[in-house]
Each structure stands twice: as C-alpha cells, then as structure tokens.
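Quick notes on the structure that follows.
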Amino acid sequence: MKNNDNTFSVDQPEESSGFLLWQVTNLWQREIKKVLEKYDITHSQFVLLASIHWLSLHHTQVTQIVLSAHTKIDPMTTSTVLRTLQSKGLIERQEHETDTRAKTVVLTEAGKKLIKKAVVTVETFDKAFFSVLKNKTGDFNQQLIKLLGQ
C-alpha cells in the first residue's frame, strides 16, 4: 500500500546515498573501535598518531594546523586529542624550527611502537572490510576523494 506522503524523494531507504553512507560509516567505525581497544586508543587518537607518523616520514614538520588540515578534524578537537596523547606519553610538543608561535608534534618512542602495530591491525581490518568491493576498491576510493573535494 503506497503512502501519499511525499516527504522523501526516494521510495526505498537503499536509494538514499546519505543514509547508506551513514550506515556504512557507523558499521565501519564500530568495528574499528573494536580492533583499536587492545591499543587503548580511540579512532581519533589513531588517526592523529598515524598522521603524525605519515607526515613525519614524508619530511613534513607536523604542527596542530598541519594535522587538522591533513585529517579534516577541526582544530579544537585536534588540540584536545593531542593533549590526551601527550598525557599518555605517546607524543611530545617541541619548538618549531622557524615559527616561534607554533609547536611541532612528534611521536615518542612509545608512540612510534604503538602506531606501527596499530596501523598493521587497522590496515588488515580495512582490507577485510572492503574486500567485498573486490577490484572496485580503487574506483570507490576515487569517488570518496571526489566527495572530499567538494
């Protein structure tokens, strides 16, 4: 029986890209949270630690602003999460080489050790999670990049 209420532009929930993205994101985040539990870090902490490591390997001086732009996490949240990571002994803040107003963020030895293990765990999980896409993963990533570029 068809309802005459035309609030929605779709007939089925599966026709709503936003709703599907929300469902997949929630599923993926819930599972990522589980795999990160053994490292005692949240997903946001993981993303910032991994980004510090990535950017450092690519010879970038990592500041809070650089991290925020790279991860697309707002600056206030980035600052809060970095304080937590510093209190856990996983990062240190140091004087910037050229900008006296800025601090660089570096991983401690404990931070490096943890993130190297956590990245392997997350990449293994991601590979399994996205395996249902088979050889379409590259295309999927390109579509996500387009959405990020809006």
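The values are calculated or read from the model by the stated rules, or taken from the named source; none is laboratory data. None of the values given here were measured: they were computed from a predicted structure. Here Cβ is always computed from backbone atoms with ideal geometry, including for glycine, and neighbour counts include all displayed protein chains.
For the stretch 37-55, indicate whether the set of residues that are farther than 21 Å from Glu123 by Cβ, surrounded by 18 or more Cβ atoms within 10 Å (Cβ to Cβ) and free of Cβ contacts under 8 Å to residues at least 40 places away in the same chain is non-empty.
No: zero hits.
Residues that are part of a helix (DSSP H, G or I) and within 12 Å of the chain's Cα centre (by Cα) within the stretch 31-51 comprise Ile32, Lys33, His43, Ser44, Gln45, Phe46, Val47, Leu48, Leu49, Ala50, Ser51, listed in sequence order. Considering the stretch 106-150, the residues that are acidic (Asp, Glu) and closer than 22 Å to Asp40 by Cα include one that is surrounded by the most Cβ atoms within 10 Å (Cβ to Cβ), namely Asp126.
Restricting attention to the stretch 60-79, the residues being more than 19 Å from Thr108 (Cβ to Cβ) and over 15 Å from the mean Cα position of the chain (by Cα) number 2.
One line per residue, one yes/no per condition, for (1) in contact with a Cys (Cβ under 6 Å, 6 or more places away or on another chain); (2) outside any loop (DSSP other than H, G, I, E, B); (3) charged (D, E, K, R):
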| residue | (1), (2), (3) |
| --- | --- |
| Arg101 | no, no, yes |
| Lys112 | no, yes, yes |
| Glu123 | no, yes, yes |
| Leu133 | no, yes, no |
| Lys146 | no, yes, yes |
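Of the residues making up the stretch 1-36, those that are farther than 16 Å from Glu123 by Cα and among the charged types (D, E, K, R) are Lys2, Asp5, Asp11, Glu14, Glu15. Taking first residues from the stretch 123-137 that are touching a residue at least 12 places away in the same chain (Cβ under 8 Å) and partners that are loosely packed, with under 11 Cβ neighbours inside 10 Å, the Cβ contacts under 9 Å between residues at least 6 apart in sequence or on separate chains come to Phe125/Lys34. Are any of the residues in the stretch 58-75 exposed (fewer than 12 other Cβ atoms within 10 Å of the Cβ), at pLDDT 95 or above and part of a helix (DSSP H, G or I)? Checked against the condition, which is being exposed (fewer than 12 other Cβ atoms within 10 Å of the Cβ), at pLDDT 95 or above and part of a helix (DSSP H, G or I), the stretch 58-75 yields no hits at all.
Restricting the stretch 85-104 to residues that are touching a helix residue (DSSP H, G or I) at 6+ places or on another chain (Cβ under 9 Å) and either under 20 Å from Lys33 (Cβ atoms) or modelled with pLDDT of 95 or more (or both) leaves a set whose member that is surrounded by the fewest Cβ atoms within 10 Å (Cβ to Cβ) is Gly89.
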